[in-house]
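Below is one structure, written out as structure tokens, with a few remarks after it.
The values are calculated or read from the model by the stated rules, or taken from the named source; none is laboratory data. Being a predicted model, the structure only gives us computed values, none of them experimental. Here the Cβ positions follow ideal geometry from the backbone for every residue, glycine too, while neighbour counts run over all protein chains shown. Heavy atoms of the whole protein, side chains included, go into the accessibility calculation; ligands, DNA and RNA do not. Shrake-Rupley method; radii C 1.70, N 1.55, O 1.52, S 1.80 Å.
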Amino acid sequence: MSNERLEVLGGLPLFEPLSPDERERLAAGCRMRGATLFRERERADGMHIVLRGVVKVVRFAPDGREMVLHLVRKGNTIGEAAMFQKGTFPASAVAVDDVETLFLPADALFTLVTENPEMALRMLAALSLRLRMFAHKLAAQGQGGAACRLATYLLHRRQIGGGDCIRLGVSREVLANLLGLARETLSRQLSRFSEAGLV
């Protein structure tokens, strides 16, 4: 298990500044967790690295409707912003499929960040990138219709995947919630893209 943790940590740009010894110390404090991650308003006692599956970060309206803020996939982190604020999680993290994560306790991470300023800068850069992605998403939802939102998302997934085949990895319901669309609207738009030979 220790070797698996070291391999995961070593493969993340966030932890590149760490020496092998620092990674060993961090890995020793890590714990494996399954599908239950965290719920809105729970104390942020650490962060997660997704090893397998897809996690949706969601908030629920008073009437129970779900709004998907973003999807977190393999190799990405989740919960670090709330952890650094030493507060509570502003949203819930729910497994979309069979999910496995590596949990990094806040105390262990804070110690390393204090000793390694470069790591702190990398984390700041990662959080800034996520904030920029949120800003783009809000702009797209505010200005574009269903076609624009879906096209923007598909182009983003294609850039990440680096190929012509786009694997969504989530259900139409989850994708619709992510894009702020009704499921029927998303299905109609996908059909139109298919009929036009775009997908």
Farther than 25 Å from GLY180 by Cα, in contact (Cβ under 8 Å) with a residue 12 or more places away in the chain and in contact with a Pro (Cβ under 8 Å, 6 or more places away or on another chain), is that true of GLY29?
yes
Tell me, yes or no, whether the range 18-39 has at least one residue that is open to solvent by less than 50 Å² (accessible area, probe 1.4 Å), of a type outside the set (Gly, Ala, Ser) and either assigned to a strand (DSSP E or B) or at pLDDT 85 or above (or both).
yes
Can you find even one residue in the range 36-53 that is within 27 Å of GLU4 (Cα to Cα) and out of contact with any strand residue (DSSP E or B) (no Cβ under 7 Å at 6 or more places or on another chain)?
yes
Where in the range 41-118 are the strands (runs of 3 or more DSSP E), entirely inside, with at least 2 residues that are in contact with an Asp or Glu (Cβ under 7 Å, 6 or more places away or on another chain)?
46-52, 55-60
